[in-house]
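**Student:** So that we are looking at the same thing, I have put the structure below in structure tokens.
Each reported figure results from applying straightforward, stated rules to the coordinates on display, with no laboratory input. Note that this is a predicted model, so its numbers are computed, not measured. Cβ atoms come from the backbone with ideal geometry, glycine included; neighbour counts cover every protein chain shown.
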Amino acid sequence: MVLRGNVGTGKNHLACAVARQVSEQEGFSSLLLTVAEIIQRIRATWDRQSTETEAEIIERFAGVDLLILDEVGRQYGTEAERITLFQVIDARYRAMRPTMVISNLLPREITEYLGDAAYDRLRENGGRLVNFDWFSHRAYKEETSDYPA
């Protein structure tokens, strides 16, 4: 599932609620990380002092029942980042585990950022794009005195 849209529209709030519901089920786990955190964890394995390998980190991400990738598109968008994200998404795809993506980008920009193959894997078997195309809740609250309590 891809949750995309304007800032302040509740994408992260909804993803956290889903993650909480999954984690409250006995024997199920969820993990919400920003793409920057995923890339940092994998890059940390490149250090000679690291006790973990890149494959172990990717396998850990693949083993979570629900993985939520937040802030997709907030990074540099380098080829190395695209490859790293593909490895994580592909490992989850092969393990038949759901992945949720949160982004402020347009659908075509998400596809460009992740790459065609990764985005295609997210859409298989009924994967959905949910468009949050309303105004920011935070901005509305701050700018409107008649905001309902």
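**Student:** How far is helix 35-44 tilted, in degrees, relative to the longest principal axis of the Cα atoms in the chain, given as a value from 0 to 90 rounded to the nearest 10?
**Tutor:** With rounding to tens, the tilt is 20 degrees.
**Student:** I would also like to ask the following. Could you give the distance between the Cα centres of region 115-134 and region 1-72, to the whole Å?
**Tutor:** After rounding, the separation between the Cα centres reads 17 Å.
**Student:** Another question, then. Using only Cα atoms, tell me the angle between helix 11-24 and the longest principal axis of the chain; keep it within 0 to 90° and round to the nearest 10.
**Tutor:** 60
**Student:** Related question: Helix-derived [θ] at 222 nm for the chain: sum -39500 (n - 2.57) over DSSP H runs of at least 4, divide by residue count, nearest 500?
**Tutor:** -14500 deg cm²/dmol
**Student:** For Cα pairs less than 8 Å apart in space and 6+ apart in sequence, what is the mean separation divided by the residue count of the chain, i.e. the relative contact order in percent?
**Tutor:** On the way: 213 pairs, mean separation 56.8, N = 149.
Taking the mean separation of contacting Cα pairs over the length of the chain, I get 38 percent.
**Student:** To continue, here is another question. Can you pull the three principal axis extents for the Cα set of region 1-49, in Å, largest first?
**Tutor:** Projected onto its principal axes, the Cα set of region 1-49 covers 40, 34, 15 Å.
**Student:** Output the peptides 102-112, 119-129 sorted from most to least packed, where packing is the average of other Cβ atoms within 10 Å over each peptide's residues.
**Tutor:** The most tightly packed comes first, giving 102-112, 119-129.
**Student:** How do the peptides 130-137, 20-27, 31-38 rank, highest first, by the average count of neighbouring beta carbon atoms within 10 Å per residue?
**Tutor:** Order by mean packing, descending: 31-38, 130-137, 20-27.
**Student:** In whole angstrom, and with the biggest value first, how far do the Cα coordinates of the chain range along each principal axis?
**Tutor:** 57, 38, 35
**Student:** Compute the long axis of helix 79-94 from its Cα atoms, compare it with the longest principal axis of the Cα atoms of the chain, and write down the angle in degrees, 0 to 90, nearest 10.
**Tutor:** Long axis of 79-94 versus the principal axis of the chain: about 90 degrees.
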